[in-house]
Amino acid sequence: MTGFTVSRRHVLAGMAGTATLGLNNAWAEIPPLPSEPITLNLVDVAGNLALTQDAIETYRKKNPKLVSKITYSKAPAPELPGKLKAQQDAKRVDIDGVLTGIDVLSAGVEQKLWVPLLPDFQSKLPKLDDIYLAGAAKMQSQAQNQGVCIVFCDAGPLLEYMPDKVKKVPTTAEELLAWAKENPNKFLYARPANSGPARIFMMGLPYLLGDKDPADPVKGWDKTWDYLKELGKYVEYYPSGTAAVMKELGDGTRSMIPTQPGWDINPRALGIVPKEAKVQTLKGFHWIMDAHFLCIPKGVAPGKVAVMIDLLNYLLSKEAQATTYDTGYFYPGPAVKDVPITLAPPESQKVIAEYGRPEYAAMIADNPHELPLTPVNLVAAFKYWDEQIGTKKTK
């Protein structure tokens, strides 16, 4: 896999041999922590390390008797499930934890790739219903107990545009389509299976268009699929990820894109997109919630699973959650209650003060909030989009 390197590690001494978690995950009891420090291999398919790596490293420093080293890798979301499945079939799993959005979580649920974390390990974790924000608790319900929500946001869909190039800003989905037709190749979004803003845009359209059943992309999205096919006539190509979309907005190649608060704030803070870019909602707007999860693949050695659960417990602490404000990448970020921006590192507070938008608070408070598609339906939506819309235009 291009750009994907992880070395296989064996559990060190202090464990019962080199036994690994069987693919049926038949735990008799919660595994004990290892007696000697181990190496953990984490893979990020969601850009989550921008939010959590500082906290993960803090955990490592606080627990030298458990963890000697943590290696980090990044991989394109669509490629990871196949790689994991191949490792599991060969009984050679070398990935101890996956930091993922709902996309790879969903694919892994469908393919039975994950260790069920709840209720198996509940005694080693906080009571999630007590600590989560309401939206994070709802997102956790999507995980089918096979991942745990570690960051949360109300995602969109928003439109982001350059005001010097978009003189008449669309206020409805129909006006957006008309604008794209009048300005061919100036609107851009990425492949939904590998892009949060594109996925949120796709899932938000049924609400904007008044589709029959926003929760059912197979039988209830007739208007959405027709809309995306028509919009596709004026989209030059579909990049494989969001970063390319932001770059093309920033360099002037495109004038308008779908976005979400984090992808609005962070690229402007980094100078990828000009600070003067604006955002807009469309009539009938509903927030589609989003989250990142920590998942553990089946086949990971029991001692490593025990350490991963201990790490997860720390990542849900207020101390760790406060670092997830980061530079606005997944704004706001924390999944846990009572973690205000005043607890965040000074750098994070400065970025949010300068590049955040005061209107976001009212937008979050005054509009409906919806769950994303269930894992099975999300996989079905990705498949339909890839086959019917993205074919021959995806790069």
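Some values worked out for this structure:
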| item | result |
| --- | --- |
| Output for region 310-336, where each listed residue is closer than 20 Å to Pro126 by Cβ, surrounded by 15 or more Cβ atoms within 10 Å (Cβ to Cβ) and among the charged types (D, E, K, R) | Asp310 |
| Unique match (being under 27 Å from the mean Cα position of the chain (by Cα), over 21 Å from Leu312 (Cα atoms), at pLDDT 95 or above and of a type outside the set (A, V, I, L, M)) among Lys91, Lys83, Lys69 | Lys83 |
| When residues of region 337-363 are limited to those that are under 15 Å from Gly156 (Cβ atoms) and part of a helix (DSSP H, G or I), the one least open to solvent (accessible area, probe 1.4 Å) | Tyr360 |
| Scan of region 253-295 for residues that are of a type in the set (Asp, Glu), closer than 26 Å to Val98 by Cα and either modelled with pLDDT under 95 or open to solvent by 10 Å² or more (accessible area, probe 1.4 Å) (or both), ordered by number | Asp290 |
| Among the residues listed as Leu371, Leu343, the single one being within 20 Å of the chain's Cα centre (by Cα) and among the hydrophobic types (A, V, I, L, M, F, W, C) | Leu371 |
| Members of region 56-74 that are open to solvent by 20 Å² or more (accessible area, probe 1.4 Å), in a strand (DSSP E or B) and not charged (D, E, K, R) | Ser68, Thr71, Tyr72 |
| Counted residues, region 364-395 - those being without any contact (Cβ under 8 Å) to a residue 24 or more places away in the chain and not in a helix (DSSP H, G or I) | 2 |
| Verdict on Asn145 being open to solvent by 20 Å² or more (accessible area, probe 1.4 Å), part of a loop (DSSP other than H, G, I, E, B) and farther than 19 Å from Asn313 by Cα | no |
| Residues being closer than 17 Å to Phe152 by Cβ and open to solvent by 30 Å² or more (accessible area, probe 1.4 Å) - total across region 364-395 | 7 |
| Flag for Leu249 being within 12 Å of Tyr189 (Cα to Cα) and either open to solvent by less than 10 Å² (accessible area, probe 1.4 Å) or assigned to a loop (DSSP other than H, G, I, E, B) (or both) | yes |
| Unmet requirement for Val93, which otherwise passes all of (1) part of a loop (DSSP other than H, G, I, E, B); (2) farther than 19 Å from Thr323 by Cα; (3) open to solvent by less than 40 Å² (accessible area, probe 1.4 Å); (4) out of contact with any helix residue (DSSP H, G or I) (no Cβ under 6 Å at 6 or more places or on another chain) | (4) |
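Here is a yes/no grid of residues against (1) open to solvent by 20 Å² or more (accessible area, probe 1.4 Å); (2) touching a Ser or Thr at 6+ places or on another chain (Cβ under 9 Å); (3) in a loop (DSSP other than H, G, I, E, B); (4) farther than 17 Å from Ile288 by Cβ:
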position: Arg199; (1), (2), (3), (4): no, no, no, no
position: Pro206; (1), (2), (3), (4): no, yes, no, no
position: Asp211; (1), (2), (3), (4): no, yes, yes, no
position: Leu228; (1), (2), (3), (4): no, no, no, no
position: Tyr234; (1), (2), (3), (4): yes, no, yes, yes
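Let's see how each residue does on (1) open to solvent by 10 Å² or more (accessible area, probe 1.4 Å); (2) among the aromatic types (Phe, Trp, Tyr); (3) in contact with a Phe, Trp or Tyr (Cβ under 9 Å, 6 or more places away or on another chain):
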{"site": "Pro76", "(1), (2), (3)": "yes, no, yes"}
{"site": "Leu80", "(1), (2), (3)": "no, no, yes"}
{"site": "Lys83", "(1), (2), (3)": "yes, no, yes"}
{"site": "Gln87", "(1), (2), (3)": "yes, no, no"}
{"site": "Gly101", "(1), (2), (3)": "no, no, yes"}
{"site": "Glu110", "(1), (2), (3)": "yes, no, no"}
{"site": "Ile131", "(1), (2), (3)": "yes, no, no"}
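The values are calculated or read from the model by the stated rules, or taken from the named source; none is laboratory data. Just so we're clear, the structure is a prediction, and the values are computed from it rather than from any experiment. Neighbour counts are summed over all protein chains in view; Cβ atoms, including those assigned to glycine, are modelled from backbone coordinates with ideal geometry. Accessible surface is based on the protein model in full, side chains and every heavy atom, while ligands, DNA and RNA are left aside. Shrake-Rupley method; radii C 1.70, N 1.55, O 1.52, S 1.80 Å.
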